[in-house]
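S.K.: So that we are looking at the same thing, I have put the structure below in structure tokens.
Each value in this text was obtained by applying a stated rule to the coordinates, not by laboratory testing. Everything quoted here is computed from the prediction, not taken from an experiment. Note: ideal-geometry Cβ built from the backbone for every residue, glycine included; neighbour counts use all protein chains shown.
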Amino acid sequence: DKLEINFITDRYAGYDFLKVWRQYCYTHLLRDLKTLETDSPGDHEVAAFSLEMKPLLKEAIKMHKSTLVLDAYQEKATAIKDKIMEAAQREANHPGIQHFQNIFREHPDRCFQWVKSPHIPAENNFAERGLRPEVIAKKISFGSQSDQGMNNREILMTFLHTARIRGLDAKHIL
């Protein structure tokens, strides 16, 4: 039994133990598709597949911002899903395309959670954008110089980010 939590992730297998509904991040899939194009310059099959799949993935990502009522949203999302699955089911010779298609063939339960509701995004950019300032700060400051410094920073940043998400002013809480 899975919890009614939708967890948007890359395809890292370390998340497989979680008993939650997962949604694979379409931004990561777009990145993989671009890598496939870069690794296969001049391959017409790859170019045609990418030309078909990229707009569908982008359209799915945009659905999160949809203002449609639920029935209309689901109808439009299902149409996009059907086009993605049509491209995923089409015969391909290139192993990179086959690998990409298999993501959708083998894990439809992890590729189409976003079809259920506009509240489930097809990408996890929100979480990644939230982490970006910390990653940059860590990089330019050369990180913590000790395990204790790392632990202190993790605790402080968790506290500060949680306060911000909850709309609290951390200066008044400390």
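S.K.: Beyond a 20 Å Cα-Cα separation, which of these cross-linked pairs lie in this structure: Lys34/Lys58; Lys54/Lys81; Lys19/Lys83?
M.R.: Lys19/Lys83
S.K.: Under a point spin-label approximation (7 Å from Cα along Cα-to-Cβ), what is the Lys83-Asp39 distance to one decimal in nm?
M.R.: It is 2.6 nm.
S.K.: With only alpha-carbon pairs counted, each pair once and no self-pairs, how large is the Kirkwood hydrodynamic radius of segment 1-110 in angstroms?
M.R.: 15.1
S.K.: I've got another one for you. Collect residues whose amide H, placed 1.01 Å from N in the peptide plane, falls under 5 Å from the amide H of Ala122; neighbours closer than 5 in sequence don't count.
M.R.: Excluding prolines and chain starts, which carry no amide H, the hits are His64.
S.K.: If you take the Cα Rg of segment 1-56 and divide it by 2.2 N^0.38 Å, with N the number of residues, what do you get?
M.R.: Normalised Cα radius of gyration, segment 1-56: 1.47.
S.K.: Now a separate question. Amide H neighbours of Gln23 under 5 Å, at least 5 residues apart or on other chains, H built in the peptide plane: list them.
M.R.: Placed amide hydrogens put Phe7, Ile8, Thr9 under 5 Å from Gln23.
S.K.: Also, I was wondering about something else. List the trypsin sites (Lys or Arg not before Pro) in segment 10-63 that DSSP assigns to loop (not H, G, I, E or B) and whose Cβ has at most 10 other Cβ atoms within 10 Å. Which are they? Each step should come with its number before you reach the end.
M.R.: Working: sites: Arg11, Lys19, Arg22, Arg31, Lys34, Lys58, Lys62; in loops: Arg11, Lys19.
Hits after loop and neighbour filter: Lys19.
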